[in-house]
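Worksheet: one structure, shown below.
What follows draws every value from the coordinates through simple rules; no lab data is involved. Keep in mind that this is a model prediction, so the values were computed, not measured. As a convention, Cβ positions derive from the backbone with ideal geometry for all residues, glycine included, and neighbour counts pool all protein chains shown.
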Amino acid sequence: MWLAALSSAFAPFPSQLPSSPSLLLVAPSPSFTAATPPASSRGAPRMEDKRKDAEAALARMQQRMRSYSREARPRPLALDPRAYTLGYSAIIAVTLHDLRDNAEVQAWLSAGAAADAIPLGALSGGAVLIAFALFQLAFQLGTGSAVPFRLAVMRLGLTEPPFSSPLNDETREGSYLCSSCGAKLFDSAAKYDSGSGWPSFWRTYDGGVVYRKELLGGKMEVRCQACDGHLGHVFSDGPSIQPGEEVPPSDPGGANASFTLNDDTVHPRFCINGCALKFEEQV
Ligand SMILES: [Zn+2]
């Protein structure tokens with residue numbers, strides 16, 4: 001099966017080559033070959049060289065076209081949804097297997113799984129993992145409503161899978177509101193494609209967010225100031241801020257910033273979960 005897929009992926013190239021006028025310019029025409037003088041002629045080596053040059057140019061262009069067509073995949077970083085399904089199904093299976101082998105969990109289940117006797121110590125790690133796996137899986141499969149995802153992201157601080165939010169590709173002019181409380185957090189003027197798979201902005205709309213340094217990993221978490229919902233993180237690898245481009249005073253790099261991301265040049269990249277945002281088109 002995969003062999004067939006493989007061979008079709010590497011099918012002879014010329015059949016897939018789009019007809020291009022530029023290619024015709026460098027392709028040696030039949031009349032050109034026919035007009036090549038006999039080998040005894042003094043000009044023959046030069047003509048032969050030219051013909052070889054033309055053929056080499058054609059080969060190079062075909063090679064380039066081939067690599068372009070390989071590069072033209074829709075999203076090189078996007079994971080196949082089936083990979084998510086498989087990966088998270090495996091996580092769920094392994095975690096359930098571990099829990100089933102856990103003596104504390106066994107005792108609790110055989111005692112009727114009373115709520116007041118939940119063996120939290122034995123459950124917590126596996127339960128969180130299962131919850132996360134189910135969350136990711138359901139998100140990828142597109143099942144359920146957006147509400148559980150929003151809660152998982154905004155209240156538990158989980159991260160949606162990359163390239164999963166339609167807001168990632170949103171390019172219309174408008175505002176990005178907190179999907180929980182409706183506060184205006186970002187606007188389309190500050191949105192850019194960071195290639196990360198999450199909606200990215202180089203500044204907030206009006207500094208309506210708060211920052212918290214995470215204990216694990218030291219990332220700077222971004223929360224909605226109005227409702228304290230988790231939005232995402234801010235990193236220091238954003239685009240250069242051009243002269244004349246203002247950032248709100250409380251943003252990293254602003255006059256009243258509570259912290260800096262980088263001592264010399266601050267280029268914030270607000271990496272925000274799409275399900276924590278609600279887009280409102282400007283009309
Ligand atoms: Zn909010």
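The table for this structure:
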quantity: Set of aspartates and glutamates near Lys213 by C-alpha distance (under 13 Å), chain-local residues within fewer than 8 positions excluded; calculated: Glu221
quantity: Whole-Hz ³J(HN,Hα) from phi, Karplus 6.51 cos²θ - 1.76 cosθ + 1.60, for the stretch 99-105, glycine and proline x; calculated: 5, 5, 7, 7, 4, 5, 5
quantity: Separation of the Glu173 and Gln282 label points, Cα + 7 Å toward Cβ, nm; calculated: 0.4 nm
quantity: Separation of the Ser196 and His267 label points, Cα + 7 Å toward Cβ, nm; calculated: 1.4 nm
quantity: Whichever lysines have a C-alpha closer than 23 Å to that of Lys219, once near sequence neighbours (fewer than 8 apart) are set aside; calculated: Lys191
quantity: Mean Cβ neighbour count within 10 Å, used as a protection proxy, ranking 108-121, 193-206, 229-242, 211-224 highest first; calculated: 193-206, 229-242, 211-224, 108-121
quantity: Within straight-line cross-link reach of Lys278, aspartates and glutamates at Cα separation under 14 Å, skipping those fewer than 8 residues along the same chain; calculated: Asp169, Glu170, Glu173, Asp187
quantity: Size of electric dipole in the stretch 155-283: Cβ of Lys, Arg +1 and of Asp, Glu -1, about Cα centre, debye, nearest 20; calculated: 420 debye
quantity: Label-point separation in nm, Thr159 to Glu55, each point 7 Å along Cα→Cβ; calculated: 5.3 nm
